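To start, the structure itself, in structure tokens.
The values are calculated or read from the model by the stated rules, or taken from the named source; none is laboratory data. A quick note: this is a predicted structure, and the numbers were derived from the prediction, not measured. Every residue, glycine as well, gets a Cβ built from its backbone with ideal geometry; the counts of neighbours run over all protein chains shown.
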Amino acid sequence: MASNNQTEIIAEPGKQELFIKREFEAPRELVFRAFTDAEMLVKWLGPCNMKMRIDKHEAQAGGSYRYVHIDPQGNEYGFHGVSHEMLVPERLIRTFEFDGLPESGHVVLETARFEALPNERTRVIIQSVFQSVADRDGMVQAGMEYGVKESHQMLDEFLAKQLVN
Amino acid sequence: MALQSRRDVFQAIADPTRREIINLIAFNPLNLNSIAENFDVSRPAISQHIKILTECGLIVIKKQGRERYCEASLQQLGEVSNWIEQYRKLWQAKFNALDDLLEELKAKNKKP
């Protein structure tokens with residue numbers, strides 16, 4: 001059963017960073033493990049209608065990773081980066097680059113912080129720092145092309161309406 | 001048809017030059033020459049970007065006398081720029097899956 005905990009996105013206009021906040025009904029060590037263990041990652045990190053493949057996964061500092069999401073048509077969407085710090089069970093710092101962009105070099109610095117809360121609960125705050133405001137807005141939108149079913153449906157409906165009118 | 005259009009919109013705004021073009025004309029329609037003056041790339045390249053943006057409905061070209069002005073289609077952009085809520089839904093779906101996994105792990109840990 002999913003909890004009722006809500007995901008919060010903080011992305012102020014004109015800034016080149018965004019935050020993702022979420023609380024979990026599980027102790028910090030466990031949540032941290034779900035973020036760093038390859039077997040666990042494939043069970044939740046992929047968008048709901050896609051398979052996820054891990055080509056490489058070295059969570060420790062200096063290691064690198066490459067994950068691939070595969071849609072039902074077999075299209076692959078890869079991303080990769082380098083781990084900068086793994087401070088168990090408090091903090092993960094790594095770079096992130098989406099392979100699907102028209103040019104390479106648009107790299108994001110990601111920091112995930114894991115805060116222990118009372119009653120064996122955990123708060124996770126992920127900060128993503130982009131190279132520019134345009135990178136932030138554009139990459140999130142580009143990344144969502146494959147990521148969000150709801151947005152696709154919304155946009156499909158919108159475009160269908162445009163075609164009718 | 002709708003599927004193809006959707007892909008085009010996201011591909012269109014994934015390109016930094018095209019995003020700059022949209023920003024440039026968002027509140028102020030410009031003709032092709034005035035747009036091209038703002039970029040280092042060639043005029044034909046800008047023309048190609050504008051063609052792509054026109055094809056997916058992000059900008060419309062309006063004739064005024066002999067000049068052709070490019071205007072941003074803000075209604076369409078408004079739908080796309082609602083990205084924070086869409087992004088939130090994407091992560092909410094992933095984290096809901098993580099909730100399930102954490103419940104499984106907690107149950108396993110409780111067993112002797």
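Annotations
- Within segment A:9-20, the residues that satisfy the criterion of being modelled with pLDDT of 90 or more and either more than 7 Å from chain B (Cβ to nearest Cβ) or surrounded by fewer than 17 Cβ atoms within 10 Å (Cβ to Cβ) (or both) are A:16, A:17, A:18, A:19.
- Scope segment A:66-94; condition out of contact with any helix residue (DSSP H, G or I) (no Cβ under 7 Å at 6 or more places or on another chain) and under 19 Å from residue B:94 (Cα atoms); matching residues: A:66, A:67, A:68, A:70, A:72, A:76, A:78, A:79, A:80
- If you go through segment A:21-61 and keep only what is basic (Lys, Arg) and either touching a strand residue (DSSP E or B) at 6+ places or on another chain (Cβ under 6 Å) or more than 7 Å from chain B (Cβ to nearest Cβ) (or both), you end up with A:21, A:22, A:28, A:33, A:51, A:53, A:56.
- Pair list, Cβ < 9 Å and 6+ apart or interchain, from segment B:87-106 residues that are touching a residue at least 40 places away in the same chain (Cβ under 8 Å) and more than 7 Å from every other protein chain (Cβ to nearest Cβ) to residues that are among the aromatic types (Phe, Trp, Tyr) and crowded, with 19+ Cβ neighbours inside 10 Å: none
- Candidates are the residues of segment A:77-113 that are assigned to a strand (DSSP E or B) and β-branched (Val, Ile, Thr); the one that is nearest to residue A:20 (Cα to Cα) is A:111.
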